[in-house]
């Protein structure tokens, strides 16, 4: 699906929360734009720069291992993973993109720490740039927003304050159906 990701209303985040951004160095110029946009999105949502740690790894293939290691420290409320995988002439793209997506998802499920997939998977470099602050948006900013939303959402679920009504999320007493 092309286009910008939907955004939700700002959710409250504790001033004690810490976040991590893990950025792949491969395709570094584009990846840096994703990282910078993620940091800007945190700032826009009221997360201080001191509450966000930035880490770099060689490529998108290494993002899941780094995210899992960071989650296991117990220091982070959420982790944003950003990188760029551009299709070439070999199936390498399919393996790297698949491992990154599955690994980040698995790390989040295994640890319960919200993690977002801010990895651009594109057919061309032009498509990657379009998703790194071009006309299609910035996947780094979208990933940071998704992480913040999931941190708040999971807290509400765990506290029993989130109920589903009419297919939309509402705050209130959770009810069993």
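Values quoted throughout were computed directly from the atomic coordinates according to the rules given, and no laboratory measurement underlies them. These numbers were taken from a predicted model, which means no experiment stands behind them. Reconstructed Cβ throughout: ideal geometry from the backbone, glycine too, with neighbour counts over all protein chains shown.
For region 19-171, what's the relative contact order in percent, using C-alpha pairs closer than 8 Å and at least 6 residues apart?
27 percent
Quick one: order 104, 157 by neighbouring beta-carbon count within 10 Å, fewest to most.
Going from least to most buried by this count: 157, 104.
Would you mind computing Rg(Cα) / (2.2 N^0.38 Å) for region 19-171, counting N as its residues?
Here the Cα radius of gyration is 1.05 times the empirical estimate.
Can you give the relative contact order of region 68-150 as a percent, counting alpha carbon pairs under 8 Å and 6+ residues apart?
Taking the mean separation of contacting Cα pairs over the length of region 68-150, I get 36 percent.
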